[in-house]
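Please read the structure below before turning to the comments.
The values are calculated or read from the model by the stated rules, or taken from the named source; none is laboratory data. As the structure is a computational prediction, the values presented were derived from the model and not from experiment. In this analysis, Cβ positions are derived from the backbone assuming ideal geometry, glycine residues included, and neighbour counts consider all displayed protein chains. Quick note on the areas: whole protein, heavy atoms, side chains included, nothing else; ligands and nucleic acids left out. Shrake-Rupley method; radii C 1.70, N 1.55, O 1.52, S 1.80 Å.
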Amino acid sequence: MDSYSTKRGAILVGGSPIAESTPVDDQYEYQRKYTNGELYSAVTGYFTIGQGNTGIESAENTVLSGNSDASFFQNLNSILTGQDVQGDNVNLTIDPAVQQAAYEALGTNSGAVVAIQPKTGKILAMVSKPSYDPNTLTSHDTAKVKEQYDALLGASSSPLQNRAIGGDLYTPGSVFKLVVASAALEGGKYNLDSTFPNPSRLQLPGTSSYINNAEGGTCGGGDKVKLRTAIQYSCNIPFAELGQKLGYDAIKSMADKYGFGDAIEVPMSATASQYPEVDSTAQLMLQRLRPGERPGVPAADGHGVGRHRERRQGHAALARRLDHHERPEDGRVLLPEAVQ
């Protein structure tokens, strides 16, 4: 009851509240209100009676409720002066324009979009769909809240699942080529002008499976292709060849450096990735494209174990490597962060 009778701090985006507590005439005194609830639900989460809290509402609960160490003297002063104790606001790194663009771009698809600033690690957008409106969970009628919560929890589309940072593990797809490229460049044996055979299709050793480039044909034309061209056009075949040459250990080591296997908080907890073992050269060659896939087995079979957060962290780090103006002087890999 005390957590409701205290005015909870607001969650701010661009200086405007997307979650705030408004006065009501009942025993709880304040009720949570979410502006553009479905747009920001993957970030704010919800604050409920009886069904817990998620998102920023949970991760920053001590700040929002005014119980953080930083609030001690402020609260003491409020008590001594007879003022009401209030929670502190939480300012997010989310850019409202980027968030709106990401939400609209995802459309009716099921999935997630995350935009991150490479130089700082600031999360500019975090969208997960299907979404939900957290306002449906803010009622002070506990039976109504439970009914709404159970309906969302039981929905086949799993709207309460934040696909941006949690839930099932998915293959990261061709973006993993950036990790393979990093392993090649850091190892010193290859540079951006290193060349590879450039066939229009490549048979995986010991199998009847073939790899093709996404657009068919060779990668940019010619009998040989440079690594820089393979990166530019995200060509499958040169990266399969490179993955075979580098070997599992080199790629695994680079994946570890990019954060595969590490759990972090943004400040919400993000599910850790896994970089799977391989049992054949053919699978190793596929790993350079889509970790977890097996020759002849589609990505949707559940073997995929890449993770959204490592892709964001890896992209940010690689962007800094390729553009020295954006790279921290000490070469740190900056972790994603949603709070200012």
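Residue under question is THR195, and the condition is that it be of a type in the set (S, T, N, Q) and more than 19 Å from THR281 (Cβ to Cβ); does it hold? Criteria met by THR195.
From the list ASP279, ASP256, the lone residue that is modelled with pLDDT of 85 or more and open to solvent by 50 Å² or more (accessible area, probe 1.4 Å) is ASP256.
Can you find a residue in segment 127-141 that is more than 19 Å from THR44 (Cβ to Cβ) and open to solvent by 20 Å² or more (accessible area, probe 1.4 Å)? Yes: one or more hits. Of the residues screened, THR195 is not one that is touching a Gly at 6+ places or on another chain (Cβ under 6 Å) and of a type in the set (Ser, Thr, Tyr).
Being under 19 Å from ALA59 (Cα atoms), under 15 Å from the mean Cα position of the chain (by Cα) and part of a strand (DSSP E or B) is the filter here, so list the residues in segment 83-130 that pass it.
Of all residues in segment 83-130, those under 19 Å from ALA59 (Cα atoms) come to 86-94, 114, 121-128.
From what is left, the residues that are under 15 Å from the mean Cα position of the chain (by Cα) are 93-94, 114, 121-128.
Residues satisfying the conditions are VAL114, LYS122, ILE123, LEU124, ALA125, MET126, VAL127, SER128.
Of all residues in segment 265-274, those satisfying the criterion of being within 18 Å of VAL175 (Cβ to Cβ) and open to solvent by less than 20 Å² (accessible area, probe 1.4 Å) are ALA270, SER273.
The helices (runs of 4 or more DSSP H) falling completely within segment 164-253 that include 1 or more residues that are open to solvent by 30 Å² or more (accessible area, probe 1.4 Å) and acidic (Asp, Glu) map to 177-187. Only residues that are open to solvent by 60 Å² or more (accessible area, probe 1.4 Å) and part of a strand (DSSP E or B) were counted across segment 1-54, and they come to 4.
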